[in-house]
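To start, the structure under review is shown below, and the notes come after it.
Derivation of every value follows stated rules applied to the coordinates shown; laboratory data play no part. Fair warning: this is a prediction, and the values are worked out from it, not measured in the lab. Cβ: placed from backbone, ideal geometry, glycine included. Neighbour counts: every protein chain shown.
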Amino acid sequence: MPSLKELRNRIASVKATQKITKAMQMVAAAKLRRAQTAAEAARPYAERMEKVLGNIAMSITPSPESPKLLTGSGKSDVHLLLVCTAERGLCGAFNSSIVRLVKERANSLAAEGKTVKILCVGRKGQDQLRRQYERQIIETVELRNVRTLSYADADKIGDKIVALFEKGEFDVCTLFYSKFRSVILQIPTAQQIIPPVFPDNKEIGNGAVYEYEPEEEEILAELLPRNIATQIFRALLENAASEQGARMSAMDNATRNAGDMIRKQTITYNRTRQAMITKELIEIISGAEAL
């Protein structure tokens with residue numbers, strides 16, 4: 001049985017941990033509102049860009065002159081997995097759920113005889129993936145020093161992806177991130193961005209025929225790289241909101257568990273103290289009777 005001093009130290013330690021988890025929960029709650037607002041504001045723009053590009057792409061006939069970012073390389077032998085995760089932990093299963101989806105896709109592609117390359121955005125994804133896929137990781141982009149995400153950060157990553165594609169380093173690129181729904185629900189998502197898979201565009205224009213100025217190929221050559229950066233920017237914003245939501249939920253659970261542990265340790269401490277007092281009284285009474 002532990003001594004009273006050991007029990008007091010345990011209780012004090014758990015109380016200190018509880019203060020930390022409570023503070024982290026409050027910080028995450030404060031950051032969540034701003035991150036959620038940014039993610040929700042980015043969704044309509046990214047979705048509309050996808051629909052507009054899809055509408056333009058439907059109006060042209062694929063040819064050798066068509067932008068390669070639209071038609072692809074004509075092969076699907078090499079797949080690049082763009083994995084967006086957090087820079088920090090203590091956010092529940094946020095990072096591991098994204099990595100799990102990436103591993104499932106990587107194993108599926110490897111079983112089909114495809115070559116898999118991984119580009120990580122965020123240190124936690126790289127830490128988990130390098131145990132099994134260290135050779136496939138070609139680069140890691142860290143954003144730990146970025147306080148507020150901006151389009152320029154996503155544009156730099158988009159430029160890297162486009163440069164690799166133009167060099168023939170891969171044929172298909174898939175973006176992995178976590179879509180924010182609520183504090184307790186974040187959905188790991190895989191989105192193919194090269195060549196892009198556009199949503200159903202039947203509702204756009206109601207069958208109207210558009211004439212574009214300049215030509216469709218020229219518009220696509222300008223907008224397709226921008227669309228890649230836009231989708232990456234949306235993924236980063238969705239991740240930021242999902243991370244804070246997951247951290248808020250995880251720290252709330254940790255605070256509750258610490259409270260339960262404090263109550264149990266306090267009960268054990270009181271019972272041990274009572275037993276020691278009773279033992280001392282018995283010894284005093286026995287000694288008095290012996291005299």
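Report the full-extension gain for the segment residue 111 to residue 272: residue separation times 0.36 nm, less the Cα-Cα distance, to one decimal in nm.
52.0 nm
Quick one: 3J(HN,Hα) in Hz for the range 177-189, Karplus 6.51/-1.76/1.60 with θ = phi - 60°, rounded, Gly and Pro as x.
7, 10, 7, 7, 10, 7, 4, 9, 9, 10, 9, x, 10
Rounded to the nearest 0.05, what FRET efficiency do residue 144 and residue 29 have when you use their Cβ-Cβ distance and R0 = 22 Å?
After rounding to 0.05, the efficiency reads 0.55.
Once the range 110-179 is represented by equal point scatterers at the alpha-carbon sites, with solvent omitted, what log10 I(q)/I(0) does the Debye formula produce at q = 0.11, 0.21, 0.24 Å⁻¹?
So the normalised log intensities work out to -0.31, -1.09, -1.32.
Please compute the net charge surrounding residue 31, taking Lys and Arg as +1 and Asp and Glu as -1 over other residues with Cβ under 11 Å from its Cβ.
+3
In sequence order, what are the phi-derived ³J(HN,Hα) couplings for the range 273-284 according to the Karplus relation 6.51 cos²θ - 1.76 cosθ + 1.60 with θ = phi - 60°, rounded to whole Hz, with x for glycine and proline?
Calculated HN-Hα couplings, in order: 5, 5, 5, 5, 5, 4, 4, 5, 5, 4, 5, 5 Hz.
Would you mind putting 155-168, 81-94 in packing order, based on average other-beta-carbon counts within 10 Å, highest first?
Put in order of decreasing packing, that is 81-94, 155-168.
Using θ = phi - 60° and the Karplus curve 6.51 cos²θ - 1.76 cosθ + 1.60, what whole-Hz ³J(HN,Hα) does each residue of the range 94-111 get, with Gly and Pro shown as x?
Each residue's phi maps through the Karplus curve to give 4, 5, 5, 5, 5, 5, 4, 5, 5, 4, 4, 5, 4, 5, 5, 5, 5, 5 Hz.
What FRET efficiency comes out for residue 187 versus residue 159 if R0 is 45 angstrom and r is the Cβ-Cβ distance? Round to the nearest 0.05.
0.95
Near the amide H of residue 179, under 5 Å away, which other amide H atoms are found, from residues 5 or more places off or on another chain, if H is placed in the peptide plane?
187, 189
So for the pair residue 58, residue 285, with labels modelled 7 Å out along Cα→Cβ, what separation do we get in nm?
That separation, rounded to one decimal, is 9.1 nm.
Using only the alpha carbons of the chain, determine the length spanned along each of the three principal axes and report them from longest to shortest in whole angstroms.
113, 39, 32
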